Each structure stands twice: as structure tokens, then as C-alpha cells.
1. Specify the inter-centroid distance of region 29-48 and region 420-435, based on alpha-carbon positions, in whole Å.
2. Measuring from label point to label point, each 7 Å out along Cα→Cβ, what is the residue 29 to residue 348 span in nm?
3. Using only the C-alpha atoms of region 383-435, find the volume of their convex hull and express it per residue in Å³.
4. Pairing the Cα long axis of helix 32-43 with the longest principal axis of the chain, what angle in degrees results, from 0 to 90 and rounded to the nearest 10?
5. Mind pulling the angle between the C-alpha long axis of helix 360-374 and the longest principal axis of the chain? Nearest 10 degrees, somewhere in 0 to 90.
6. Alpha carbon centre of region 63-131 versus region 158-229: separation in Å?
7. Please tell me the relative contact order of the chain in percent, rounded to the nearest whole number, where contacts are Cα pairs under 8 Å and at least six residues apart.
8. Helix 295-340: angle to the longest alpha-carbon principal axis of the chain, degrees 0 to 90, nearest 10?
């Protein structure tokens, strides 16, 4: 018998939240479009595709970039659909870890939360550091300023402070920015591709864009190189769980949050395909572009000249700033929710909410940790790749844990209004299989020979975080609990949900 036949369910968002044992504290200002806009902004094809464009050029080249984007995008869509179904049942700021806790118990929730938090923090660092790199490239073109590691780190710190201030003092503006971000990204892709199609006198052929293979990784096996090259798309399609984290601030969250997840993925799939094709058709000097500090800037410069390159760089920088702001929003809600359940050191501080109902300490903690993650870039050129790996190695496993636990529940799982029906199980199994593959890919060595500069730090990061999470579980795991509403009827309903 479904839950809706056993106990009459209230229709209000906050009523449903109380049924899950959580006292509503945040204000529901966000619409369905706004919820989608957050995840779309965090995925940000103008951030991920641009910052990882050079990686793709040497890890399989155009053929892997284009067809890998399509294949990975469709696989991620399956993951998003499976995750959206669970989100419809559990629309909370805790998102993935809350789902895992309800479906598998405290230990599953604890591990999922730490992985997801690691991914979100790495996401802020990766996105805003990428934005700082593009800002430095613009400064070089505009004023001849040398883009040193110290300058990029300083710009990075400024971007983090800007995003923190926006999230603390301009919450309504952040929601507006997320909506603007959607049109900025879509319009930006169309402008960049349109200009690159119309202005340059020379373009690559379709057979080259969709068929040329290139390898400068040091590995000789083309299958291995192609597998590693899939990470351009794997790294970019990350962050769509933001719709779940913002669900406590979204109206009609049981439908809007799942739709936000799925829509953000398929719209990004189309936009990213168009963007990558536009960039590749416009490549003038492949070797020079692949060797450049900021390869897309080199494409712009070679194809359009200095003035055109600066104009397009501003479009990309604007998109990256929108993306970073949305990531700080999502991460701060995760910190707030995880602290609300006593899962972080200093939880009493990080779960505080201001009179304007904003988790201010969580915002500042998010940007502070993100800054620390990027500090090694001052001395090691591979640091940005390591930060990106932190993002994916945390996010990717955390996405699939709730889906895996939902599969284990079988008919005991009570779906929300957005669900996959009879397709739930096959989609879920395919999603789990893909995430296992992607997690392995993220951990593989990407360059040969392996040195301190080229070593893939993702597996080390994963092991360190899991070890810290296990240690903190032994010290404080007994305090990990969802704040249950003290009402006997609601407690009974919660038992049925679990």
C-alpha cells in the first residue's frame, strides 16, 4: 500500500518537510525556473568546457571531445533522472546525504554527506579559480599584465569574497542572477559560436571536427587516451544536485527540484555540443592552441584578433562569475544542512541563520575552505587539475549512493509526484554502472611519465576525505541526527517513509 493511502499527506512544501522530520527555517522564494537556473549555472558549459578545452585537445582531440560529450551527456542524463526521482521523495537542503540517511541509515548518510561536501567545496575552488585565470588572460590582453600564479590567486580571492558578499547581503539578487545566468549562458554560446562562424576566413572541416584524433598525453594506447578524454565532459556535467540543495527554498519543491535537475542536464548537453563545435571549427593553429595557458583565449585571438578576443572573454568571464555564485549558494546550503544534523566540527556555528534567514557562517566557511584548496597553485602548476579532481571525486560517488540505496529498497521506496514509474529500476541500474565507470576514469593516471607535476591526486584526495570522515564518525557520529519535529503522528509517518 503506498504511503499516500496509509496517511493523508499535506500538500504544502513546509508541511511535507515536517513530515520528513525537519523544521522549516529557510524562505521559499525560488520558482521552478529559478531552481533549474541554479543547476544550469553550476554546470556552466561556459565554465567547464572553456577551462577544460585544452585538456580535451591533448586527450583524444576533437573526435573524443565531440562524441564523448554526447555519450557522457546522455549517461549523465540517466543519473540525473534517477537522482531526480529520489529528490522528489526527499526535497531537503541536505540533498544527497539526507536521502542516503533515510534510505540506508546514518553511516550511509554520513559518508555521502562528506563526499558531497568535498565535491561542492572543490567545485567552488575550480570554478572561481578558472574565472580568475580568464580574468588574468583578459588583463594580459587589455593592459599587458603578466598572469603570474600570485596574480591569479589574488584575483581568485577577490572573486570568492564577491560571491560571499552576494550570498550574504543580496539573496534576492542571487536568485535574479541565476535566472539571468541561464540567458547569459545560452545567449553567450550563440554569440561566441556565431562570431566564430562568421568572422574567421578559415575554418576546419566537419570531418576534422568530428573525426580528428590527437594525443599528447604520453600514453600510446588510443583506447586508454580516449577514455581519459571523456573527463572533459565528466568534469563539466557536475553540480546538478544544486536543485536538491535549494529545494527548501523552492515552491512546489517535490516537482520543481527534480525537473530542475533533469532540465539543467539536457539543456547543458545541447549548449555544450554547440559551443565545442564552434570552438573547434575556429581553431587556426592546433599545436599553438593546445600549448597556450588559456586555450580558448588563443582560439579567440587567432580567429578574431585582440579586440574580438577581449569581447568574447568578457562573455565567458561573466558566465563563470554567475556559475561561481550559484555554487557558493549550493555549497553553503549543504554546510548549513549538514551542520544542522551535527555532522561537522563546529556545527553549532555553521548552522546559524541570520535574521534575514540566510546561513551566513556557512557561506563564509565555504569560500574560506575553497581558497585553501587552491593555495598550492602558487607552487604547483598541476594544482588546478587536482582541485578539479577534488570536485568530481567527491560529487560523482555521492550522486549515485541515494540511487543505489533506492534500488535496494525496491517496493519499500515511496516515490514522490515526479517519478520514473516502470523505468525506475533499469534507469537506476544504468546510472550506477556509469558512475562506477566514471569514478574509475577520474582515478586513472592522465599523463605519462608520472611526475609530481602530472600525478593524478584524485585517489589520494578521496582516501584522505574518507579517512577523515571515518575518524570524525568515531568522535562525533553519535550526535548525527535529523532534527525531528516533536509530534507523534509525524514521527509515525517518518518511520513509514524510512
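No value in this document is a laboratory result; all are computed from the given coordinates. All of these numbers come straight from a predicted model, not from anything done at the bench. Quick reminder, even Gly has a Cβ in these numbers, built from the backbone with ideal geometry, and neighbours come from all protein chains shown.
1. Using only Cα atoms to place each centre, the spacing works out to 24 Å.
2. With each label placed 7 Å out from Cα toward Cβ, I get 3.0 nm.
3. Values: hull volume 4.4 nm³, N = 53.
Cα-based convex hull of region 383-435, divided per residue, equals 83 Å³.
4. The answer is roughly 50 degrees.
5. That works out to roughly 40 degrees.
6. A separation of 20 Å, based on Cα centres.
7. Numbers: 880 pairs, mean separation 166.0, N = 498.
Across the chain, relative contact order equals 33 percent.
8. Around 20 degrees separate the two axes.
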